[in-house]
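Have a look at the structure below before the remarks.
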Amino acid sequence: MTWRRPDAPLGYGHQSIDSSDHAAVAGVLHSSHLTQGPAVAAFESGLCRATGARAAVATCNGTAALHLAMLVSGVGPGSLVWTSANTFLASATSAAMCGARIEFVDIELASGNVDLRRMAVMLAAGPVPDVLVVTHFAGRSCDMEALIALKQRYGFKLIVDAAHALGARSTSSGRQWGLAEHKEIDAVCLSFHPVKTITTGEGGAYLTGDVELAERARRLASHGVERRPREDPFPGLGGTGGSPPHWYAPMVQLGYNYRMSDLQAALGNSQLARLSSFVERRRSLAERYDAGLKPFEDVQRPALDPDHAWHLYHVRVPAAARDELMAWLADGGIHTQLHYYPLPLMPWFRARGRGRGEEQFPMAVEHARTAISLPLYPDLSESEQARVVAAFAEWFGR
Ligand SMILES: Cc1ncc(COP(=O)(O)O)c(C=O)c1O
């Protein structure tokens with residue numbers, strides 16, 4: 001368990017580090033692979049097993065994974081990409097980095113996920129995007145069955161920003177599906193930032209059901225260099241018998257350095273071994289919040305969806321009280337957060353005419369005026385959680 005002072009202020013999220021994590025990272029320090037070695041390959045296989053993906057490419061952060069997903073989906077200047085008005089910057093900036101035009105879709109208040117009914121109307125009116133990026137907000141899956149039906153009808157590519165959602169599932173056609181199991185999803189992207197379900201310090205992953213796409217993403221993540229060239233274009237430079245020399249690493253396209261290191265992946269492997277216990281603990285804390293906050297009719301609680309991974313536990317309170325409540329909680333050492341300030345209202349997007357006004361995203365704006373993310377992480381103790389509930393009781397009971 002991560003060491004924290006007993007009276008330390010509570011944040012909304014925190015990593016959970018134990019002695020197995022220390023040993024895993026120290027093991028890499030004693031090995032000859034600090035960059036890419038066996039730990040990265042093992043982490044990629046572990047992620048496939050945990051999510052139902054066929055292939056995984058571990059990256060230096062989640063934003064890089066999203067950028068790779070955009071690139072291999074063919075996003076470039078002139079592409080149209082849609083994403084949620086209630087997500088982290090990278091769901092949209094990864095498309096903007098490719099020169100795409102971005103449009104935002106409003107959300108449904110109950111889940112914070114993109115509003116699929118509104119989206120169906122927008123799709124019918126056209127133009128249809130080349131790529132749709134959906135975020136499983138707070139760790140709760142979007143309705144994948146409905147999304148896949150829309151994809152099949154309109155032909156866009158579907159990228160899931162699952163930075164919140166490692167450990168989440170979805171239920172459709174009478175069964176549970178792993179996060180990256182639906183073959184209709186083009187890419188699923190993860191983040192392993194310390195507040196996420198598992199951490200690698202900084203880190204991310206691109207997951208897909210298409211092994212060839214994964215190879216393209218892997219090449220882009222490593223300078224655009226071909227790993228196993230078959231031909232030797234300059235036989236005089238050291239190759240034997242027509243095969244290229246081992247040091248010949250041809251750069252065939254413009255790429256990046258988005259690789260994860262073995263140090264990070266070793267931490268990821270030892271964290272991944274505890275994924276189900278992390279999600280279980282988050283779920284049980286969410287159930288305790290649900291029971292503790294139930295008496296307060298001014299506090300809207302999220303649904304206890306059994307497929308939820310509970311990255312965030314967010315409630316909604318009357319807009320008139322929200323900011324004062326957050327400040328009062330912070331005075332008592334309970335630091336809450338807003339996820340998210342509506343992306344279309346960010347100055348950079350506004351300046352480019354993307355967020356034309358609040359009236360276009362009424363639900364994302366209402367969410368941003370009323371939502372609060374409460375402390376939720378595996379090492380949050382029951383007495384610490386009781387402090388949060390007692391603070392709500394004091395505020396709403398007075
Ligand atoms: C929804 C979402 N998408 C993308 C990211 C980007 O991940 P990273 O911080 O690892 O680049 C985050 C992380 O904050 C996130 O919450």
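FYI, it's all coordinate maths here, none of it is from the lab. Computed from a prediction, not measured in an experiment: that's the story for all the values here. For neighbour counting, all protein chains shown are included, and Cβ atoms are generated from backbone atoms with ideal geometry for every residue, glycine included.
Before anything else, pin down the relative contact order of the stretch 1-94: Cα pairs under 8 Å, at least 6 apart, normalised by residue count, whole percent.
Working: 35 pairs, mean separation 15.5, N = 94.
Averaging sequence separation for qualifying contacts and normalising by length gives 17 percent for the stretch 1-94.
What is the sum of charges around residue 187, taking Lys and Arg as +1, Asp and Glu as -1, for the other residues whose C-beta is under 15 Å from the C-beta of residue 187? Combined, the nearby Lys, Arg, Asp and Glu give -3.
For the stretch 138-193, report the % of Cα-Cα distances exceeding 19 Å.
Working: 375 of 1540 pairs.
When all Cα pairs of the stretch 138-193 are counted, 24 percent exceed 19 Å.
Averaging 1/r across all pairs of distinct Cα atoms in the stretch 275-397 and inverting the result yields a Kirkwood radius of 15.7 Å. State the extension gain, in nm to one decimal, for the chain segment bounded by residue 45 and residue 303, taking 0.36 nm per residue of separation less the distance between their alpha-carbons. That works out to 89.7 nm of additional length.
Each residue of the stretch 61-75 is assigned a 3J(HN,Hα), and the resulting list reads 6, x, 5, 4, 4, 5, 4, 4, 4, 5, 4, 6, 7, x, 6 Hz, derived from the Karplus form 6.51 cos²θ - 1.76 cosθ + 1.60 (θ = phi - 60°), x at Gly and Pro. Measuring from centroid to centroid over Cα atoms, what is the spacing of the stretch 52-111 and the stretch 172-194 in Å? Each part's Cα centre sits 15 Å from the other's. For residue 277 and residue 251, what is the calculated FRET efficiency with R₀ set at 51 Å and r taken between the beta-carbons, to the nearest 0.05? Computed FRET efficiency for residue 277 and residue 251 comes out at 0.75.
Along the charge dipole of the stretch 263-349, Cβ charges K/R +1 and D/E -1, which of 286, 339, 320 sits furthest on the positive end? So the residue we want is 286. Straight-line cross-link partners of residue 151 among the aspartates and glutamates, defined as a Cα under 19 Å from its Cα and at least 8 positions apart when in the same chain: 103, 106, 115, 130, 143, 161, 181, 184, 186, 210. Spread over its residues, the convex hull of the C-alpha atoms of the chain is 155 Å³ per residue. Computed from Cα atoms, the angle from the helix 275-293 axis to the main principal axis of the chain rounds to 20 degrees.
Residues considered: 317, 121, 40. Largest GNM mean-square fluctuation over the chain, using C-alpha springs under 10 Å, is found at 121. DSSP beta bridges fully contained in the chain are about 60 percent antiparallel.
When you restrict to C-alpha pairs under 8 Å that are six or more residues apart and normalise by the size of the stretch 275-397, the relative contact order lands at 34 percent.
Listed from fewest to most Cβ neighbours within 10 Å, the set 254, 343, 213, 109 follows the order 254, 109, 213, 343. Paramagnetic label reach from residue 331 (point 7 Å along Cα→Cβ; backbone nitrogen cut-off under 15 Å): within the stretch 365-398, residues 391-392, 394-396, 398. Using a Gaussian network for the chain with springs between C-alpha atoms less than 10 Å apart, which of these wobbles most: 284, 172, 73? Greatest mean-square fluctuation among the candidates belongs to 172.
Roughly how big is the chain's charge dipole about its Cα centre, with Cβ charges of +1 (Lys, Arg) and -1 (Asp, Glu), in debye to the nearest 20?
Details: 38 positive and 40 negative charges, 99 e Å.
In total the dipole reaches around 480 debye.
The alpha-carbon atoms of the stretch 168-235 define a convex hull whose volume equals 116 cubic angstrom per residue. Placing one identical point scatterer on every Cα of the stretch 306-358 and ignoring solvent, what is log10 I(q)/I(0) from the Debye formula at q = 0.16, 0.24, 0.28, 0.30 Å⁻¹? One equal scatterer on each Cα of the stretch 306-358 leads to -0.72, -0.93, -1.01, -1.08.
Reducing the stretch 246-309 and the stretch 379-398 to their Cα centroids gives an inter-centroid distance of 25 Å.
Treating the beta-carbon of each Lys and Arg as +1 and of each Asp and Glu as -1, no other charges, what is the dipole magnitude of the stretch 275-397 about its Cα centre, to the nearest 20 debye?
Details: 14 positive and 17 negative charges, 106 e Å.
Taking the Cα centre of the stretch 275-397 as origin, the dipole is about 520 debye.
Relative contact order, whole percent, for the stretch 19-272 stands at 27, derived from Cα pairs under 8 Å and 6 or more residues apart.
Taking the Cα-to-Cβ direction at residue 7 and at residue 393 and moving 7 Å from each Cα, how far apart do the two end points lie in nm? With each label placed 7 Å out from Cα toward Cβ, I get 2.3 nm. Which residues' amide hydrogens lie under 5 Å from the amide hydrogen of residue 157, considering only partners 5 or more residues apart or on another chain, with H built in the peptide plane? Residues meeting the amide H criterion: 131, 132.
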